[in-house]
Amino acid sequence: MAVDLLLGLQWGDEGKGKIVDVLTNNYDIIARFQGGPNAGHTLEFDGIKHVLHTIPSGIFHKNAINVVGNGVVIDPVIFKKELDNLQKFNLDIHSKLLISRKAHLILPTHRLLDAASEASKGKAKIGSTLKGIGPTYMDKTGRNGIRVGDLEMSDWEEKYRSLADKHESMIAYYDVQLDYDLKDLEDDFFEAVEELKKLTFIDSEEYLYQAQKDGKKILAEGAQGSLLDIDFGTYPYVTSSNTTAAGACTGLGVAPNQIGEVFGIFKAYATRVGSGPFPTELFDADGETMGRVGNEFGATTGRPRRCGWLDLVALKYAVQVNGVTALMMMKGDVLSGFEQLKVCTSYNYKGDIITHLPYNIDPENITPIYTEMEGWAQDLTKMDSPDQFPKNLNDYIHFLEKELGVPIKIVSVGPDRTQTIHR
Ligand code: GDP
Ligand code: IMO
Ligand code: MG
């Protein structure tokens with residue numbers, strides 16, 4: 001069986017958690033392939049809201065196996081908190097949640113290095129979630145990292161000590177004021193590692209290979225979004241992993257010719273949290289309304305998200321880079337009540353009109369050019385069929401499908417599992 005992918009096409013927080021939860025009914029295995037606790041994936045059902053950071057969003061389904069892939073970076077402390085939050089649901093974590101031995105561990109000193117690096121950058125800071133993501137992936141590519149499988153080896157604590165010591169000298173190099181008590185942080189870390197060791201570690205690429213051979217249906221869950229991809233995002237204001245489709249191959253060990261559907265998920269408008277260029281960002285009442293109605297606050301950090309109109313130049317680029325086969329449009333309900341909607345369809349780039357994403361999208365180089373459309377007043381949140389959609393919403397959807405050349409198969413009209421309309 002082919003492996004399907006679900007990926008965010010913007011700057012993250014598109015609603016991946018919600019849709020993975022909805023789609024899990026159709027899959028045997030949900031596998032996260034990159035990122036770590038910088039992600040915050042929100043699920044809502046039965047009146048309860050859950051935020052997952054490392055654990056895949058299929059965890060609440062009785063029959064689904066959830067795999068944390070080799071491409072993911074795990075902070076045992078945050079992982080333990082996630083597990084504690086799940087305790088009341090009586091899930092069979094030991095058999096339902098499997099961790100790749102090749103996933104890298106985030107150490108307390110990775111978090112400190114993240115903070116030191118950001119503090120040293122001043123105004124140029126990335127706006128990182130400060131979860132230690134960048135430094136952990138740096139140690140991975142620098143071939144210094146500690147992996148989950150190392151916890152089964154006898155010498156891992158020595159490896160830990162020498163890496164943590166090295167990190168401490170690097171922190172000193174940054175020459176910034178950081179108040180921390182490493183001993184305290186390490187107490188929490190080692191306690192959490194003991195919890196992690198109670199879980200099931202697997203050779204995930206082999207497990208997923210056999211699962212495919214056995215005809216199991218697998219959905220790979222992405223974190224962040226394409227515009228935060230280390231290669232294709234708005235560098236350097238990106239995360240440190242490949243959030244795009246190729247990341248699923250390296251982050252799970254799935255061969256490219258085994259990829260089936262690529263589900264691309266986007267908000268009906270755009271948001272970004274953290275620093276970096278955002279051509280269609282709004283600084284007016286419309287942006288404020290999107291933020292308020294859409295409850296746009298980071299699921300991991302609580303920071304307000306910047307809001308703006310949908311950017312089709314950037315979205316088209318993401319569709320292209322990922323080979324998206326079906327689209328899902330989220331938060332259409334948030335646009336109810338806007339008289340006019342704007343969609344960016346091209347950029348004025350240093351005087352030229354362009355429709356592709358250029359190397360640099362800083363405000364001094366580009367001005368977005370908009371197509372205006374009539375909005376709709378109707379509340380969408382109680383609708384359960386596309387037949388009930390107002391004409392102007394249908395026009396909006398058809399316009400996007402034509403521009404992007406890919407069908408929009410799901411329209412989400414609220415945060416709850418049930419507020420999901422299939423087209
Ligand atoms: P993820 O990181 O892609 O999983 O997305 P987040 O969970 O960080 O952010 C999406 C937010 O939007 C969450 O608070 C969801 O509960 C919420 N949400 C998802 N879909 C919809 C929708 O269609 N309408 C509204 N109003 N909220 C939604
Ligand atoms: P989900 O999976 C939105 C952003 C941060 C920052 C940049 C780098 O919930 O969509 P990092 O901590 O990775 O070094 O931060 O990336 N960022 C996200 N923004 N959603 C996320 O994940 C994000 N993960 C990281 O705000 O700008
Ligand atoms: Mg999120």
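The values are calculated or read from the model by the stated rules, or taken from the named source; none is laboratory data. Every value quoted in this text rests on a predicted model; they were computed, and no experiment measured them. A quick note on method: Cβ atoms are made from the backbone with ideal geometry, for glycine too, and the neighbour counts reach across all protein chains shown. Ligands, DNA and RNA are excluded from the accessible area calculation, which covers all protein heavy atoms including side chains. Shrake-Rupley method; radii C 1.70, N 1.55, O 1.52, S 1.80 Å.
Here are the numbers for this structure:
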{"quantity": "Output for segment 388-423, where each listed residue is within 16 Å of ligand 3 (Cβ to nearest atom) and either at positive phi or open to solvent by less than 10 Å² (accessible area, probe 1.4 Å) (or both)", "calculated": "SER412"}
{"quantity": "Residue ranges of helices (runs of 4 or more DSSP H) in segment 49-147 with at least 1 members hydroxyl-bearing (Ser, Thr, Tyr) and under 23 Å from ASP165 (Cα atoms)", "calculated": "108-121, 133-141"}
{"quantity": "Pairs where the first residue, in segment 83-111, is farther than 19 Å from ILE218 by Cβ and modelled with pLDDT of 95 or more and the second is charged (D, E, K, R) and assigned to a strand (DSSP E or B), C-beta under 8 Å, 6+ apart", "calculated": "HIS104/ARG147; LEU105/ARG147"}
{"quantity": "Failed condition for ALA124, given (1) at pLDDT below 95; (2) under 21 Å from the mean Cα position of the chain (by Cα)", "calculated": "(2)"}
{"quantity": "Residue tally, condition more than 6 Å from ligand 1 (Cβ to nearest atom) and open to solvent by less than 10 Å² (accessible area, probe 1.4 Å), over segment 11-22", "calculated": "3"}
{"quantity": "Some residue of segment 135-149 being surrounded by fewer than 19 Cβ atoms within 10 Å (Cβ to Cβ), over 23 Å from the mean Cα position of the chain (by Cα) and within 14 Å of LEU105 (Cβ to Cβ)", "calculated": "yes"}
{"quantity": "Check on ALA248, in a helix (DSSP H, G or I), under 30 Å from MET328 (Cα atoms) and either open to solvent by 30 Å² or more (accessible area, probe 1.4 Å) or in contact (Cβ under 8 Å) with a residue 60 or more places away in the chain (or both)", "calculated": "yes"}
{"quantity": "Residue among LYS213, LYS197 that is among the charged types (D, E, K, R), away from ligand 2 (no atom under 16 Å from the Cβ) and touching a helix residue (DSSP H, G or I) at 6+ places or on another chain (Cβ under 6 Å)", "calculated": "LYS197"}
{"quantity": "Single residue of segment 27-42 satisfying the filter (part of a loop (DSSP other than H, G, I, E, B) and farther than 24 Å from ARG272 by Cβ) that is farthest from ligand 2 (Cβ to nearest atom)", "calculated": "ASP28"}
{"quantity": "Where a residue in segment 218-230 is open to solvent by less than 10 Å² (accessible area, probe 1.4 Å) and its partner, wherever it lies, is near ligand 1 (Cβ under 9 Å from one of its atoms) and assigned to a helix (DSSP H, G or I), with Cβ under 9 Å and at least six apart", "calculated": "LEU219/VAL20; GLU221/LYS16; GLU221/GLY17; GLU221/VAL20; GLY222/LYS16; ALA223/LYS16; GLY225/LYS16"}
{"quantity": "Selected residue (criterion: least open to solvent (accessible area, probe 1.4 Å)) from residues of segment 347-373 that are out of contact with any Phe, Trp or Tyr (no Cβ under 9 Å at 6 or more places or on another chain) and assigned to a strand (DSSP E or B)", "calculated": "TYR347"}
{"quantity": "Sole residue being closer than 15 Å to LYS131 by Cβ, open to solvent by 30 Å² or more (accessible area, probe 1.4 Å) and away from ligand 1 (no atom under 13 Å from the Cβ), chosen from LYS88, LYS80, LYS62", "calculated": "LYS80"}
{"quantity": "From the options GLY323, GLY332, GLY294, residue that is over 30 Å from GLY260 (Cβ atoms) and out of contact with any His (no Cβ under 9 Å at 6 or more places or on another chain)", "calculated": "GLY294"}
{"quantity": "Evaluation of SER100 against (1) in contact with a Ser or Thr (Cβ under 9 Å, 6 or more places away or on another chain); (2) within 16 Å of ligand 1 (Cβ to nearest atom); (3) hydroxyl-bearing (Ser, Thr, Tyr) (one fails), failing number", "calculated": "(2)"}
{"quantity": "Residue check for SER336: within 16 Å of ligand 1 (Cβ to nearest atom) and at pLDDT 95 or above", "calculated": "yes"}
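Yes/no matrix, rows are residues, columns are (1) touching a helix residue (DSSP H, G or I) at 6+ places or on another chain (Cβ under 9 Å); (2) away from ligand 2 (no atom under 14 Å from the Cβ); (3) touching a residue at least 60 places away in the same chain (Cβ under 8 Å); (4) among the hydroxyl-bearing types (Ser, Thr, Tyr):
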{"site": "MET1", "(1), (2), (3), (4)": "yes, yes, yes, no"}
{"site": "LYS18", "(1), (2), (3), (4)": "no, no, yes, no"}
{"site": "ASN25", "(1), (2), (3), (4)": "no, yes, no, no"}
{"site": "GLU44", "(1), (2), (3), (4)": "yes, yes, yes, no"}
{"site": "VAL73", "(1), (2), (3), (4)": "yes, no, yes, no"}
